[in-house]
Amino acid sequence: MEILKGVEIERELLERLVVSGQIGHEVALAHNNDPGSNAFTFGNDRYHRSCETSKLALEEYGFHMRRSGAALYGIRDGVEIHFATARTADVHTPSSFDPNTDARIAAGLNNATVQQPFEGIDELLPPRRQILHVVWSGNDAIGLVATHIGRLVTFSETHVVWDEVSRID
């Protein structure tokens, strides 16, 4: 199904990404009261467990997995999927989801050039991918409340906005 303009992702895969976020959230919540736990360990645990749980689903749908530091990415054809978390379901509010990290600005710059290619330059450049973000929203108090998939863009190198974002849960 076309989830974003020009981006086809199977409905079943999207459903599995939602479930992966739920599993990661539940496991992180189960360990939230362990000795040494705090809001940061909860957030890291939720993010990494959700990513790891998503890995098998993405591989089954033809994505190749890649690590860059602590981040995990899925790559298939012209799409690269990154993962993120937000505090609430409102991924447009900076207090919930910070789009202006270095990695998200790089993704936004990439997406801006993929969407706005210059006439005749495509033949000279290596194939480019659109970078999408799957965002699991929630926290230890309210639970997992939403899952979104979207494409960030920027033209300024300092501020990123959603070009498109869809709620998939």
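Figures for the structure shown
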| item | result |
| --- | --- |
| Output for segment 57-103, where each listed residue is part of a loop (DSSP other than H, G, I, E, B), surrounded by 19 or more Cβ atoms within 10 Å (Cβ to Cβ) and among the hydrophobic types (A, V, I, L, M, F, W, C) | 63, 89, 91, 97 |
| Output for segment 132-142, where each listed residue is open to solvent by 20 Å² or more (accessible area, probe 1.4 Å) and in contact with a helix residue (DSSP H, G or I) (Cβ under 9 Å, 6 or more places away or on another chain) | 139, 140 |
| Filtered residue count, segment 1-41, keeping only those that are in a loop (DSSP other than H, G, I, E, B) and either at pLDDT below 90 or farther than 20 Å from residue 151 by Cα (or both) | 11 |
| Residues within segment 143-159 that are under 14 Å from the mean Cα position of the chain (by Cα) and either among the β-branched types (Val, Ile, Thr) or open to solvent by less than 10 Å² (accessible area, probe 1.4 Å) (or both), tallied | 7 |
| Filtered residue count, segment 7-30, keeping only those that are open to solvent by 60 Å² or more (accessible area, probe 1.4 Å) and farther than 15 Å from residue 57 by Cβ | 4 |
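The values are calculated or read from the model by the stated rules, or taken from the named source; none is laboratory data. Keep in mind it's a predicted model, so treat the numbers as computed, not measured. No Cβ is skipped: glycine too gets one built from the backbone with ideal geometry, and neighbour counts run over all protein chains shown. Areas reflect the complete protein model, heavy atoms only, side chains present, ligands, DNA and RNA absent. Shrake-Rupley method; radii C 1.70, N 1.55, O 1.52, S 1.80 Å.
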